[in-house]
Each structure stands twice: as structure tokens, then as C-alpha cells.
Amino acid sequence: MTSYSKEIIRDLASGQLPWPQTRRIMSAYKDDDRFFKMVAVHQDRVAWKDPILLPVSDHLFICQSGDERVTRCECGHSFGDYRKNWKLKAAIHVRNTEETLREIYPNSDLPDPAWMEIREFICPECGTLHEVEAAAPGYPIVHDFEPDLEGFYRDWLGKPLQP
Amino acid sequence: MLDKPASALRLRERLLDSERLMEETGCYDGITELSLRNQDPLKFETLHTKLRAYCVSAREMARRISASPGVREVGEMVVAIYTPEGDAIALSNGIMVHVHTMSRFIKWMIKNNYEDNPRIREGDIFANNDAFIGTVQVPDVMDVVPIFHEGTLVGWAGAVCHELEAGGITPGGDVCLAQERFTEGLFVCAEKIGENDEIRRDYVIRCERNLRMPIYWVLDEKAKVASCIDMRESVKQLISEIGLDYWMKVSKEFIEEGRRAQLARTRQLTVPGIYRGHTFYGHVTAGKPGFQPLGDPDWLYNIPIEMEIGTDGKITMDFEGTQPWGYHSMNCTPAGMDGGMFVTLTQHMNFEGLVNDGAWMATELKLPHGTWTNPDNEMVATATSWALLLPAYGVFQRLLSRSFVARGYVEEAFVGQVNSPMIEMGGESQYGTPFGMAHFECAAAGSGALAIKDGLDTAYVGWNPESDMGNIEVWEQSMPMVYIGRSIVPNSGGAGKYRGGCSFISTWLINKTSHLRLHTSEHSSRVFDNGGMCGGYPAPTCQKHRAVRNSNIHELAAKGEPLAHAPGTDPHVSDYERNIGGDHVVVEGPYITAPHKQGDIFSHSYNGGGGYGDVLERDPVKTAWDVENGFLTREAADQVFGIVLKDDAEGYPVADVDATVKRRAAMRKERLARAIPVADWIAAERGRVEKADFAPEVRKMYASAIKLSPRFTKDFSDFWNVDARSIFTAGAKP
């Protein structure tokens, strides 16, 4: 069975693994012990102690926080119950003018702000930009991901979560 | 005798029986146990590898027969081997989107009693390019031949080439001006075009008299038939070695194994749950010549997708809430939607070889009736269905990638494919003859970023996994234009910790012709039709077309004056305008204008991919390299990424890491200072929603989605706490 050290997984996740080695990992059969190794790598990275249950973005994790499961930023900020859309508890900056769109696209043709805006979802504590939506004005904010956490741990990982 | 199928059942009955068995057992053709695989796994695997080798070899041979640079240079072809019922057993590399569309074509013939009329006999050749029977768009012409073994139908061999000219209302293959089926070009509707391994002369004559450049289509037909015969003979030889009974059983076990492998791969790489995303497409045709006033000229498409991964490993994609079909060429049929799913799965999950229709059977598409994904009118045009298909399956790639990130397989996460705005042309060639062609250098856009590195520059499109822009010299042989520039478009990848791959732009001098019609399609200039991920930004919208009519380029060249080889980085004034005299033209959206002539200049830009991660985490050293090599501008490095660059002794950019750290800390503070709580934004925005205070096209988009989708209506109403129907439908604000 393919397996890699935690150090290799750490370097892979941070983009530091040399490309030839990364390429070999991409081409090889997948390492079935990856999930828990990657969780351990993330756990080492964060300053807080709540056990990570699932990474959901580059700096967002679902973790066990006492009796609750919450979505937490790498900085420690909690966005609340993981079943709710974390974006609704974020800070937002909307680019819906030529001037603000031009800040991100200084040398290109722009979309029409009457047809499309950019929404930046930001951690209100550390300022990390967690997600960007490009949407028509008035479009409801998307709930990107509702994981079946119990089913995943029970049926796929064989390690049911404690209720 | 030759019509006789393998079992006592007729083909149609056998197909229905196979579908019933799948329904009853959940397994392909009722195969609940892979007995041959269990008996001798090595023999099993070796046979599949042989079949795959037959396919790859046949395709490579056929590409040498073709006259089309699309097939020869860019590889716009795929071949596959099927069961008698039309399910793919093995396939070649190439445009794999068509492996399942061909399957639909074969099944359509069977269900329409082709056994009786026009009969299915050894040596017959059947062709199709009707998307409602089974293809994506009119230039995707497919040929299949039945495989008989000692009088018994034991399978099919099939091949598809994307034709560069389809004989539609506008030249080329992606007929952008087609607004109904009747202007899309030459249709071949599940037609028997040959017997005894020979293409009928009357069919060739029809092609020759209805196409602008028949040499491409006709030689591609010969290439496809040759590849089919090659595969057929290989399969017959194989059957003589392993026996007919073994073949009939193993070919189906391959598919059932493919289905199980897809489910297992999903369980291995992803996390179960519900994933959502969306994208948009702006169709802008107001004031453009040639478009009939059959509907609103400008149209904003929303493409929401909800993907569910069940704990059994099944992936279900639901397009509810998207827009209705329209009088334009961007509609898609269920066959095309299947194809998009298949080509995405093969690239992102099934990269180990045993890929066939089994993978498709482990998924489900929900395509709402009446939408562009499943039109309730078979007269609609689908000639440029990729315009909406590509953004849609780019969303699918991002949804899958979110699941890869969650599972820890970050190296597989990929922000997705982008649209490939395409040039079609025709008129008088540089040789003084009529011609027509699609320019396929678009098969090399920038890819979306990965979760661990930047996207591929000028090297990826979702629809052709062997992406290749082709050599300039080859394209120049085929069209009355010569290149005066082909270069990277700076900042064309979406910004992020890892930027999207950059695209390129070409600039041509029209040469040796007095009548060159240039048209473009799949061109969403008014909105982003791609996206970023995990904090990355979308790549820029499609860039506007820039052309110069009656240019003075020959005079400038004679004097040795500098020319312009690309538009440059000033979005307000291009280098063409600065350096070249003549009548300058800037066109948004599809390019439909009067013919060009010798001395004119035309430029066309392709798309880059979306970015991944927070821009303020991008590596400053890598960014300096990007600036030095033209992938990013200094302005972008500074104002988007917060990277302070200095010049070294030779004037090359070098990152000032300490200054960058300080600048980024300040930018992060600025970010927080200008952001507001989402709850406050929703409260403020709600008033605008209640008044439907949006552009007419945005209001129309909501009204159309609400009319077709109760779920969209409920989601919209719940989110804003309004009655969406009363705001956007009849009686509400116009």
C-alpha cells in the first residue's frame, strides 16, 4: 500500500515539495492513510487545541469544540455551527464598481458591474480572504459545502464520531 | 444471416433487457459478480489493455489520414469499442467527451429499429452529427461500424472527429450565428453512409456540395472509417483467440468493473455531502448584424449546480435553477451534458486506464426539462453548446476539488477549466479558392490553479485533454492570415496564492484575400464565466476583440517603424492604436462583422484560469519571476498581491521581502477596515432586491429561473426573506 511520511504530506500541502516528487505522488496509486495524516499536519499548524474533523477550505476547518462542531478559521475565529453557512458570519467586501474591480484587474477588460459583482468573504478577526464569489447582483450567497460528517466517519473511515 | 444478433433476442430487446437488469440489480447488465476477473485477473487486465491499445493505435493511424489541422495537429479525435448494445468497453485518448455521446447514437439506432430498416450488416458504416441523437454539436461527426464474428453482432467500433467546417450560416464548425437547427449546417442523422467498408459516393457528393471546405470532412470520414475497420479486425482476431463466449462476457464485466471502480474512487478521494457552486455567462448580441430578432439580444445566464456525493460513492449533479433554452447556438442536449460529465470524470478521477461507460453509470445528471441543458424543443441550435458546457463543468471541477481538499488529496484539487472563445472563418483563401475553417489554437488556454501550485500556462482545455495550440506555420498554410504576434497575456490567470494559468493572444495580418469572414463564439465578455476557489479570484472576463481595418502596416514595415504585436497592458488604449494607423475597432462579445481584406489586422485573446487561495500569501520570489517573464504586470504584483519589487543591477525585478511583509500587513488592515458583517450587507441589499433594482438582463434572468424552478424560487425567497415570484414575475416591475 502506498504511504508517505507526515513530513512529505506537510510539504505537499504547503506547496514546498519539489515538483518531481509531487509529480510522482500525482501519478502513483493514492495513499489510503492520507486523510488522518493531513489532519495531523493541519493540527500542527493551528495554535488551538480543538480536534480538526475536516478541512473545508485552505484555512477553514470543521473541528470538535466541546460538545459542538464548529467551522473555525486557522486563526481560531469560530464561524459557529458547521451545518450553517460560515459565510453568513464572515465580513464581506463587495466590488461592484469599475473602480473597485479595476483594483484586482488593473490591465484587463472588466465585467459590467450592473451584471456581475465580486464578493470577498473575509475572516473578521485575521483578515484572511477565505472565499470569493462572482455573482449577479442579488444572487443569494452560496452555501458551498454541507459535508455528511457522520456518514463519512462511519461508512468511509470506519471510525464513527462520538455523538 | 449477417443480421443475426448473438443471442436469440433481437438487438432492441437485448438493449431493453440490459437496462432492465441494471434497474433490478443495480449492476451493469445484471452482472453481480466479476467471475472472469476473479478466475484469472491477469488475463482480464491484459485483455483490457489490449483493447485500449487497439483504440490508441487506430486513432494515431487515422490522424495521419486526416487533412484537417484540427485532427492532425490538435488531436480532435477519439475512438472507442462498444458492446452490441452500445456501451463503451475501451477508448483511446483524445476528445473523450464523445465516448458516451457515441453510445447514445448506437442505442438510438437500436431503439429506432435499424435492425429492420436500414438493417445492420457487416461492412455497414453509420454516421451522425445530430446532438439530439447523440453528439455535442454539429461539427462533431461520428462514424460507427458493427463488428460481426461469424455472422453474429458482437460489438461496434466508433470514431469521432471535430470538423473544422460544417456548412452553416457562418463558416467554420462552431456556427455562432445559428439560432435554430436549420442554420447549423450539414446534418447527418444516424444515416447509413456506406456499405461493404466503402463510403457511398452519393454521400461524399452531398458533403462536397454542402460544405465550404469538404476536404476536411471527407478525409476525416475516411480516417474514421479506417480506424473503425482497424479496431474491428483487431477485435475479431482477439475473439478468434479467446472465443466468442468469453468475449461476450468479459466485455460486459469490463464495464461493470468500470462502474465499481468509479464508485470506489469516489469513496477513496472525496467526502460525502452536498456541494454547491455557480457560474454565469453573458450573451451579448445587441446591434450585431445577422442575428434575427427572435428573442432578447442580450442574455445573462446563471448556471447553478448542486452536487451530491452519497455514501455509496454515487455522484449526482443537479442543474435546477438554470435558464431556459433560447434562439441562439449555445443550447445543449442531454447527450452533450453526458459528454461533459464523462470527459471531466476521465480526467479528474479515472486516470489509471480502465475507463469506460461504467464510470458514467456511477453518476447521475438531473437536467431540468426546458432549460438549455435539456431543451423541450428539438429544433433548437446547439452549434456552440460548449459556451455554456465549459463554464458548467468548470463548476463541477471546483466542486470535486473541494472534496479532494477536504479528503487531503490537495494535489488533485484544481480550480477548473475555462471557456475557449473560438475563431471561425471563411471566404476566399490565400490561394484564391473558397474556404472555411475553425481555428483550433484555442485548445491551449490557461488552466485553473491547483491547490499546491499555479495553473498551467497556455496548456489546458477541458474538452481536449491533449491540449495543444498547434504550430503557427501549419495554421498559416490553412488561412489567409499571417501571425504578427502570439504572446502571453499578462494577468490573465485569476489572482490567488496560486494564480490561474495564463492565456495567450494572437495577432494576425490578413493576407492575400479580398474577402475574409471572421467570427468568434463562446465569448462571455460581460461577466466572469469562471471562478476562483478558497479565496482565489476568477480569471478576467473574455477580452474584447481589437481589429484595425485599412491599416498602414505595410508602410510602417517598409520604413522599418515599430509595429504592435499584442494589445499591451493599458486597458484604455491598445498598442495597436498607439503604433498602427487605420480604422480601429473594439468589439465586445461574439465578433460578427463585415468581411476583412488584405492589410487589416485582427487579434483574439484566449482565457486564463481561476486562482486558488488568498492573494496575500503568494510567494514574492515567484511573483518577481512572473513579472520578469510577462505573466504578471508590476501593477498587479503591487496592488493585487501586495508584493514590493525592486530592480536589480541589470533592471530585472527582485522581491523586497521585508517591505512586502509590511505592505501586506497594511493591506490586511485595509481589508478589515472596509469590510462589513455579512448580516449588515444582507440587510442593506434586501431593499434593492425588493425593488428589483437591477439591470433588465439581471431581472430577466431571475424571472426565467423562477418560472422554471420551484427550488430556486424558494431558495431565493428564503435567503432574502421576500416573495421572489411577486418581485420578478408577471405584474412586477418590468
Decide, for segment B:678-728, between rounded, prolate and oblate: order the square roots of the alpha carbon gyration tensor eigenvalues as a ≥ b ≥ c, take rounded if a/c falls under 1.5, and otherwise choose prolate if a/b is larger than b/c, else oblate. oblate
Sorted from largest down, what three extents in whole angstroms do the Cα atoms of segment B:21-116 have along their principal axes? 46, 39, 23
By the mean-Cβ-within-10 Å protection proxy, highest first, B:332-345, B:551-564 rank as B:332-345, B:551-564
Can you give me the long-range amide H partners of B:Val141? Hydrogens built in the peptide plane at 1.01 Å from N, cutoff under 5 Å, separation of 5 or more residues or another chain. B:Cys161, B:Glu163
How tilted is helix B:710-720 with respect to the longest principal axis of chain B? Cα atoms for both, answer in degrees (0 to 90, nearest 10). 20 degrees
Order by protection proxy (mean Cβ within 10 Å, highest first), peptides B:429-435, B:52-58, B:413-419, A:53-59: B:413-419, A:53-59, B:52-58, B:429-435
Take the residue pairs A:Lys84/B:Lys497; A:Lys30/B:Lys249; B:Lys107/B:Lys192; B:Lys453/B:Lys622; B:Lys646/B:Lys669 and return only those whose Cα atoms are more than 19 Å apart. A:Lys84/B:Lys497; A:Lys30/B:Lys249; B:Lys646/B:Lys669
Listing A:Arg95, A:Arg24 from the residue with the fewest other Cβ atoms within 10 Å to the one with the most, what is the order? A:Arg24, A:Arg95
Starting from the Cα of A:Lys37, draw a straight line to each of the lysines and keep only those under 18 Å, dropping any in the same chain fewer than 8 residues away. A:Lys6, A:Lys49, A:Lys159
So who's got an amide H within less than 5 Å of the one on A:Leu54, skipping anything under 5 residues away but keeping other chains? H placed 1.01 Å off N, in plane. A:Ile62
Residue-wise HN-Hα coupling along segment B:547-556, computed from phi with Karplus coefficients 6.51, -1.76, 1.60 (Hz; x: Gly, Pro): 9, 10, 8, 6, 6, 9, 5, 5, 5, 4
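Need one word for segment A:3-125: rounded, prolate or oblate. Basis is the Cα gyration tensor (sqrt eigenvalues a ≥ b ≥ c); a/c below 1.5 gives rounded, then a/b vs b/c decides.
Here segment A:3-125 falls in the oblate category.
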Rank these for me by crowding, A:Trp19, B:Trp625, going from fewest to most other beta carbons within 10 Å. A:Trp19, B:Trp625
With a/c under 1.5 counting as rounded, go ahead and sort chain B into rounded, prolate or oblate using the C-alpha gyration tensor (a ≥ b ≥ c being the square roots of the eigenvalues; past the cut-off, prolate if a/b is larger than b/c, else oblate). prolate
Low-density loop positions, chymotrypsin sites (Phe, Trp or Tyr not before Pro), segment A:1-95 - DSSP coil, at most 11 other Cβ in 10 Å: A:Tyr29
Two pseudo-spin positions, 7 Å from Cα along C-beta at B:Arg686 and at B:Val661, lie apart in nanometres by 4.5 nm
Given all pairs of different Cα atoms, what value in angstroms does the Kirkwood hydrodynamic radius of the protein assembly as shown take? 28.3 Å
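Enter the mean number of other protein chain beta carbons within 10 Å of the beta carbon of each residue in A:118-124, as an integer.
Taking all residues of A:118-124 together, the mean is 5.
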Normalised per residue, the volume of the convex hull around the Cα set of segment B:162-221 (Å³): 82 Å³
Charge dipole (debye, nearest 20) of chain B; +1 at Cβ of Lys and Arg, -1 at Cβ of Asp and Glu: 1180 debye
Determine which lysines satisfy two conditions relative to B:Lys544: a Cα distance under 18 Å, and not lying fewer than 8 residues away in the same chain. B:Lys288
Identify all lysines with a Cα-Cα distance to A:Lys87 below 16 Å; exclude those on the same chain that are fewer than 8 residues away in sequence. none
Partner chain Cβ atoms within 10 Å, averaged over the residues of A:83-95 - can you pull that number for me? 4
I'd like the Karplus ³J(HN,Hα) series for segment B:306-318: coefficients 6.51, -1.76, 1.60, θ = phi - 60°, whole numbers in Hz, and an x wherever there's a Gly or Pro. 10, 10, 10, 10, x, 5, 7, x, 6, 9, 10, 10, 10
Each residue of B:265-274 has, on average, a number of other protein chain C-beta atoms within 10 Å of its C-beta equal to 5
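Computed from the coordinates by the stated procedures, all read-outs in this text should not be read as laboratory data. For clarity, every value in this text was computed on a predicted model and none was experimentally measured. Note that each Cβ is placed from the backbone with ideal geometry, even for glycine, and that neighbours are counted across all protein chains shown.
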